Amino acid sequence: MMHLTLAAVAAQQQDLLQARQMQALSFVAHIPLVCIGIAFPPLVLFVEWLYLRTGDELYRTLARRWSRALAALFAAGVVTGTILSFELGLLWPQFTATFGSVFGLAFAIEGFSFFMEAIFIGIYIYGWNRLSPRAHFASGFPIALAGITGSLMVISVNGWMNHPSGFRLRAGKAVDVHPLHALFGTSYFWHELVHMYVAGYMVTGFLLAGAYALARLHGRFGRYERTALAIPLTVAALASPVQVLVGDWSGRDVAAAQPIKLAAFEGLAHTTKGAPVHVLGWYDDGEVRYGIELPKLLSLLAFHSAGATVLGLDTVSADERPPVNVVRIAFQAMVAAGSLLALFGVATLAVRARRKRLPTSVWFHRAVVAAGPLALLALIAGWTVTEVGRQPWIVYRTMLTSQAVTAAGGIPVGFGTLAVVYLGLALAVAWVLRRLARVPLRAA
């Protein structure tokens, strides 16, 4: 009997690991497209507004070309988002069965937002020469609105998973559900929302600017390329230092609501007054080895007091702690990448304010190209901190992830199929964007 029990536990752990890996793959594929869905439509509308205000055909050409890229990326997001929706029920059936009444409203609104976005992208793309300029401009606003409402609903569900409220559990089911309070009634949701939206403008702005900086390095840098680089780069440069402030807000909310996640950021084994931060290093056997210690910095960052007491990992049992090194490495990667982007953003804005133009050096444009992947790194690392740092809970302090996972087999087959699908999708999107970039400006 003991042998059978141990075998069942081992099988469950294997299922859990495989389900997490499959979910992580889908998440990495989808979350950058969410950022683009948040920030790209407002950028396109801003450029079209410049055309309406100035009558300069360059802005119309730029907005039209960007709208085509937006449509291609939206189509990719449809694929990855649909897969994620199926995975929610297939990989985590107990989660959806228990709490579907809590977050069902959010996913219904998200679905409505998706259909509205799809409809108006079609109108916007095919209306360039069929609608009056102002009517066409107006048709773009539902796209931007849908990008906001759809992502807002998903972020609200994630905020609820990190800080659940608005229901009671009775006989394993959520009862007395208040969906609006559950989704929007906690402060944890608001910092996640702002953090994600600012990240959206950083990721989209730096990736878009990087494409035109790469064109500059290849010798193509006329007025069109200069304009197409300057607009998204300015937006990303403005967002980057703001994200540092939002990150401080986020960290203080984590300290209040999820102290074990905060302890995992540092690898703080024991409750400590005036807790330090170790830069780099490896957590092992209750201490951070080979790291550079910065005294009292964790207390200062988390509570704005160098002498504040920070709870350690030892305040919960070992099976209630997240994988510390995964969280630490992701957290430090996020902070390092975000700090570099903030410094680069401030420097770019300072040079532009002083010289009335962007820098022209090759090294500056190389830095712009590098900023796009760096922003993606910060984005993925940040969500790794959020999701892995919550473990072993799928709903914090309410349901364990191991209780939610499916017992069905075949996950490795699904994972392999998914990897092939995402690889094919990435190649298809790259091919489409490359074809769109090669369309002559006069034909746009």
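The values are calculated or read from the model by the stated rules, or taken from the named source; none is laboratory data. Here the structure is a predicted model, which means the values were calculated and not measured. Protein only, heavy atoms only, side chains kept; ligands, DNA and RNA dropped before computing areas. Shrake-Rupley method; radii C 1.70, N 1.55, O 1.52, S 1.80 Å.
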**Message:** For region 108-196, take N as its residue count and report Rg(C-alpha) divided by 2.2 N^0.38 Å.
**Reply:** 1.46
**Prompt:** How big is region 15-119 in terms of Cα radius of gyration and Dmax, in angstroms?
**Reply:** 18.0, 59
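Could you grab the relative contact order for the chain? Cα pairs under 8 Å, six or more apart, rounded to a whole percent. Working shown, then result.
Working: 622 pairs, mean separation 86.1, N = 444.
That works out to 19 percent.
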**Asked** Rolling a 1.4 angstrom probe over the protein heavy atoms, how many square angstrom per residue are accessible across region 382-444?
**Response** 55
**Asked** More than 44 Å apart: what percent of Cα pairs in the chain qualify?
**Response** 16
**Complete:** The equivalent-ellipsoid semi-axes of region 114-157, taken as the square roots of five times the Cα gyration tensor eigenvalues and listed largest first in whole Å, are 25, 9, 5
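Classify region 137-254 as rounded, prolate or oblate, taking a ≥ b ≥ c as the square roots of the eigenvalues of its Cα gyration tensor: rounded when a/c is under 1.5, otherwise prolate if a/b is larger than b/c and oblate if not. Let's see the in-between values first.
Values: a/c = 3.73, a/b = 2.35, b/c = 1.59.
Note, shape of region 137-254 comes out prolate.
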**With Cα atoms, 0 to 90° folded angle of helix 411-438 axis to the chain main axis** = 20
**Fill in**
On the accessible surface of the chain, probed at 1.4 Å with all protein chains in place, carbon and sulfur together account for a percent value of 68
**Request:** At 1.4 Å probe size, with every protein chain present, just tell me what the per residue accessible area of region 279-340 comes to in Å².
**Result:** 57
**Item:** Among Ala430, Ala408, Ala71, residue whose mean-square fluctuation peaks in a GNM of the chain (springs only between Cα atoms under 10 Å)
**Value:** Ala408
**Item:** In order through region 195-206: 3J(HN,Hα) via Karplus (6.51 cos²θ - 1.76 cosθ + 1.60), integer Hz, x for Gly, Pro
**Value:** 4, 5, 5, 5, 4, x, 6, 5, 5, 5, x, 5
**Asked** Bin by bin, in steps of 10 Å, what percent of the Cα pairs in region 41-194 do you find, going until the bin that has the longest distance?
**Response** 10, 33, 26, 18, 10, 3, 0
**Request:** Give a residue-ordered list of calculated ³J(HN,Hα) values for region 345-360 (Karplus: 6.51 cos²θ - 1.76 cosθ + 1.60, θ = phi - 60°; whole Hz; x for Gly, Pro).
**Result:** x, 4, 5, 5, 5, 5, 5, 5, 5, 7, 9, 6, 6, 7, x, 10
**Asked** So what is the relative contact order for region 30-99, in percent, with contacts set as C-alpha pairs under 8 Å and at least six apart?
**Response** 34
**Complete:** Scalar couplings 3J(HN,Hα) for region 234-251 by Karplus 6.51 cos²θ - 1.76 cosθ + 1.60 (θ = phi - 60°), nearest whole Hz, x for Gly and Pro, are 5, 4, 5, 5, 5, 6, 4, x, 4, 5, 4, 5, 5, x, 5, 4, 4, x
**Message:** Helix 141-162 against the longest principal axis of the chain: what's the angle in degrees, Cα atoms only, rounded to the nearest 10?
**Reply:** 10
